[in-house]
Amino acid sequence: MAKSCYIPESLSEALEIRAKTHAIPLAGGTDLMVQAKKGIGITPTFPSPIMIITNLKELKGINVEEDGTLVIKALSTSSEIADDERVFYHIREAASRMGAVALRNTATIGGNIGNASPKGDLPQPLILLDADVVLLSSNATRIMKLDDFILGAKKTALRDDEIISEVRVKPVKATHLFYHKIGTRRANAISKLSLSILADVEDGIVKDFRASSGAAGDKVKRSRKVEQLLIGKRLDELVPLIPDFTAAWDAIISPHAMPEYRRNSTSRMLSYFIEEIARGREGGIIS
Ligand SMILES: Cc1cc2nc3c(=O)[nH]c(=O)nc-3n(C[C@H](O)[C@H](O)[C@H](O)COP(=O)(O)OP(=O)(O)OC[C@H]3O[C@@H](n4cnc5c(N)ncnc54)[C@H](O)[C@@H]3O)c2cc1C
């Protein structure tokens with residue numbers, strides 16, 4: 001008889017089980033257990049067998065490779081990510097604001113991506129930074145842009161024989177950084193909206209400009225087309241471009257609830273950031 005729960009001890013064993021049974025990976029369980037709950041005192045049930053992956057050493061750890069690429073393995077918890085100074089600013093900020101301490105000690109990056117909630121906090125900065133996600137099966141490795149991997153609310157391109165093994169972020173040059181999450185409280189609250197922005201300014205010219213919005217539609221919103229409105233511009237050209245930029249941003253975000261509040265708040269934060277760099281503010285974190 002097929003088992004209802006597998007607890008592999010190695011990645012190769014896990015991939016074999018996944019290929020044969022399509023068992024659902026369970027990491028921290030902070031999404032899966034909530035989704036499967038049946039009521040107080042009743043054992044949760046799952047539509048297919050589950051596979052507890054917490055013993056897989058191969059999926060643990062955070063490293064920086066020789067070329068500066070940051071590698072965050074799938075079982076890294078939000079606390080581990082938030083506490084690691086090698087991790088890019090926006091990712092650390094997002095990780096440090098997820099839930100309360102107990103949740104952050106359990107919730108994993110693989111689970112946050114695998115759950116693909118539009119309100120999940122980690123995809124937003126990761127998409128800003130063009131992160132790749134590595135997907136392993138027993139006979140192949142696929143590497144996809146996270147932006148392409150997340151298809152929509154709770155939908156990913158994960159195949160039923162695959163496991164997320166790691167997230168990879170190449171070095172990104174930036175002079176000015178901004179991260180903000182609006183929730184009911186500072187932490188332990190699901191995002192009402194979140195926004196990451198970065199700019200790279202050199203000799204008075206905007207060399208790079210990126211922004212990504214969380215909880216702003218069916219998935220994280222980022223638009224390279226809208227970003228191009230500011231890239232290559234001189235600082236003294238920026239302020240007159242703000243109305244066009246924020247209008248274009250308004251058009252790409254599609255909040256399912258409180259659209260006016262979400263659009264206005266996002267516009268105000270974007271305008272503030274652009275005004276600050278336009279007035280020649282020294283590089284660093286803008287808050
Ligand atoms: C009280 C509470 C507060 C919360 N607050 C926040 C918050 O502020 N911000 C936020 O973003 N989230 C929040 N969450 C949601 C949740 O904690 C996060 O999404 C968390 O990162 C999920 O990670 P996990 O390891 O617990 O995932 P799990 O529940 O184990 O898995 C989630 C999904 O990902 C899949 N999965 C997990 N690991 C892998 C893998 N390696 N390969 C393939 N698929 C995988 C699972 O099959 C499942 O579909 C909260 C949840 C609770 C209960």
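Values in this text are rule-based calculations from the coordinates and carry no lab data. In this text the structure is predicted, and so the values were computed from the model without any measurement. Don't worry about glycine lacking a Cβ; one is built from the backbone with ideal geometry, like all the others, and counts go over all protein chains shown.
Based on alpha-carbon centroids, what's the gap between the range 1-64 and the range 229-283 in Å, whole number please?
42
Compare the peptides 228-238, 212-222 by average per-residue count of other Cβ atoms within 10 angstrom and give them in order, highest first.
212-222, 228-238
Enumerate the amide H contacts of Gly183 below 5 Å, restricted to partners 5 or more residues apart or on another chain; note that Pro and chain-start residues carry no placed amide H.
Lys192
Which lysines, if any, have their Cα less than 24 Å from the Cα of Lys3, not counting same-chain residues under 8 positions apart?
Straight-distance partners of Lys3: Lys20, Lys37, Lys38, Lys57.
According to a simple spin-label model (label point 7 Å from Cα along Cα-to-Cβ), what is the distance in nm between Val34 and Ser138?
Taking the two extended label points, one gets 3.4 nm.
Which ³J(HN,Hα) values, rounded to whole Hz and listed in residue order, are derived for the range 84-97 from phi using the Karplus coefficients 6.51, -1.76 and 1.60 in 6.51 cos²θ - 1.76 cosθ + 1.60 with θ = phi - 60°, glycine and proline given as x?
Each residue's phi maps through the Karplus curve to give 9, 5, 7, 7, 4, 2, 4, 5, 4, 4, 4, 5, 6, 9 Hz.
For the range 65-186, what ratio Rg/Rh do Cα atoms give with a Kirkwood hydrodynamic radius?
0.95
Arrange the following residues from fewest to most other Cβ atoms within 10 Å of their Cβ: Met98, Met258.
Met258, Met98
Using the charge dipole of the chain (Lys, Arg: +1 at Cβ; Asp, Glu: -1 at Cβ; taken about the Cα centre), state which of Phe88, Val172, Ala257 has its Cα farthest towards the positive end.
Looking along the dipole axis, the top candidate is Ala257.
Work out Dmax and Rg for the range 176-280 from the C-alpha atoms and quote the Rg first, both in angstrom.
In Å, with Rg to one decimal and Dmax whole: 13.6, 41.
Do me a favour and compute the ellipsoid semi-axes for the chain from its Cα gyration tensor, root of five times each eigenvalue, largest one first, whole Å.
The answer is 36, 20, 16 Å, longest axis first.
Choose one of Asn55, Thr30, Ala211: the residue whose Cα lies farthest towards the positive end of the charge dipole of the chain (beta-carbon charges +1 Lys, Arg; -1 Asp, Glu; about the Cα centre).
About the Cα centre, the residue reaching furthest to the positive side is Thr30.
By how many nm would the segment from Asp83 to Ala100 grow when fully extended, if each residue of separation counts as 0.36 nm and the alpha-carbon distance is taken off?
Contour length minus Cα-Cα distance gives 4.7 nm.
Charges at C-beta only: +1 for Lys and Arg, -1 for Asp and Glu. How large is the resulting dipole of the chain about its Cα centre, in Debye rounded to 20?
1040
Taking a ≥ b ≥ c as the square roots of the Cα gyration tensor eigenvalues, with a/c under 1.5 meaning rounded and otherwise prolate when a/b beats b/c, else oblate, which class fits the range 1-105?
Judged from the Cα gyration tensor, the range 1-105 comes out oblate (a/c at least 1.5, b/c at or above a/b).
Please state the charge dipole magnitude for the range 176-280, taken about the Cα centre, from unit charges on C-beta atoms (+1 on K and R, -1 on D and E), reported in debye and rounded to the nearest 20.
Here the size comes out at about 600 debye.
Suppose every K and R has +1 on its Cβ and every D and E has -1 on its Cβ; what is the size of the dipole of the range 86-215 about the Cα centre, in Debye to the nearest 20?
560
Set the bar at 24 Å for Cα to Cα. Now go through Lys170/Lys219; Lys145/Lys207; Lys154/Lys207; Lys73/Lys145 and name every pair that lies beyond it.
Among Lys170/Lys219; Lys145/Lys207; Lys154/Lys207; Lys73/Lys145, the Cα-Cα distance tops 24 Å for Lys154/Lys207.
Could you tell me what percent of the DSSP beta bridges with both partners in the range 176-280 are antiparallel, to the nearest 5?
Close to 100 percent.
Along the charge dipole of the chain, Cβ charges K/R +1 and D/E -1, which of Gly111, Ala189, Val226 sits furthest on the positive end?
The one lying farthest along the dipole's positive direction is Ala189.
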